[in-house]
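Visitor: My questions will all concern the structure given below.
Just so it is clear, none of the values below were taken in a lab; they were calculated from the coordinates. Since we're looking at a predicted model, the values are computed, not measured. Cβ placement follows ideal geometry from the backbone for every residue including glycine, while neighbour counts extend to all protein chains displayed.
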Amino acid sequence: MRAIRYPLFAILALLVGCASPKKSALHYSAPSTAPVQEKITDAKTAVTDVSTAIADAQTALQTSDLRSPTSERVGHALTLAEQRANDAAVALAAAGNNTLLLDSAVRNQTDVLNRTIDEKNSAITERDSAVGKYHHLKFWICLLAAGAVLSLAWRFKSLLLFIPPPYNLVAIGALPVLTFAFLWIRL
C-alpha cells in the first residue's frame, strides 16, 4: 500500500499543481499632506505676527517726535520688511493652494490605483475559473483516451506476444498511462 501511495501522490500533485498568481490584497491610502498644511499654517501665523510687529513699529516710529536720518532709515527698513512679509504671505497662500491641488491629485491617483487592483483581482478570479474548467475538461478527455487505448490494448493483446507473460500486463497498463501523460502535455 505504501509503495502505491507515493506514485499516486505524485500524480495528484501533477494534476493539481497548476499554480496561479496570487491576488493582491493591497489597498493603498493616499499620503496625508496634513504635516505640510500645518507648516504652512504656522508660517502664515508667523508672517502675520511679523506684519503686526512691523505695523506696530511703524506706528511707534510715526508717533515719536524724533525726526532723524536714522529714524527715516528705520522707517524705510520697516517698509521693506512689510513688503517682504506681504510677499511671503502671498507665497504661502499659493503654497497652500498647491498643496490642496496636490492632495486632490494624489487621492485621485490612489483611487485609480485601487480600482485597477480590484479589476486585476477580478480578472485573476475569472481566469482561474476558466483554467479550472479547462483542466477539468482536459482531464476527462485524457481519461477517455486512456480508456480507449486500454480497451484497444486489451482487445489486441495477442500482438504483444513478444513480451514475456508477467510484463505484457505491465505493457498493457503502461499504454493508457503514457497516452494520458502525452495528451495531458500536448493539450
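Visitor: Using 7 Å Cα-to-Cβ label points, what is the S151/V170 separation (nm, one decimal)?
Guide: Simple spin-label model gives 2.8 nm for this pair.
Visitor: Per 10 Å bin from zero, what fraction in whole % of the C-alpha pairs of the stretch 33-141 is there, up to the bin with the longest pair?
Guide: Answer for the stretch 33-141: a P(r) of 12, 22, 15, 13, 10, 8, 7, 5, 4, 2, 1 percent.
Visitor: While we're here: Short version: ³J(HN,Hα) in whole Hz for each residue of the stretch 50-56, in order, from phi by Karplus 6.51 cos²θ - 1.76 cosθ + 1.60 (θ = phi - 60°), x for Gly and Pro, what are they?
Guide: 5, 4, 5, 5, 5, 4, 5
Visitor: May I ask you to compute the full-extension gain from Y28 to T41, defined as 0.36 nm times their residue separation minus their alpha-carbon distance, rounded to one decimal in nm?
Guide: 1.9 nm
Visitor: Ok, one more. Please name whichever of G147, G132, L160 sits farthest to the positive end of the charge dipole of the stretch 126-187, dipole taken about the Cα centre and charges placed at Cβ: Lys and Arg +1, Asp and Glu -1.
Guide: It is L160, whose Cα lies furthest towards the positive end.
Visitor: First check a/c for the stretch 71-132, with a ≥ b ≥ c the square roots of the eigenvalues of its C-alpha gyration tensor; if it is under 1.5, answer rounded, and if not, answer prolate when a/b is larger than b/c or oblate otherwise.
Guide: The shape class here is prolate.
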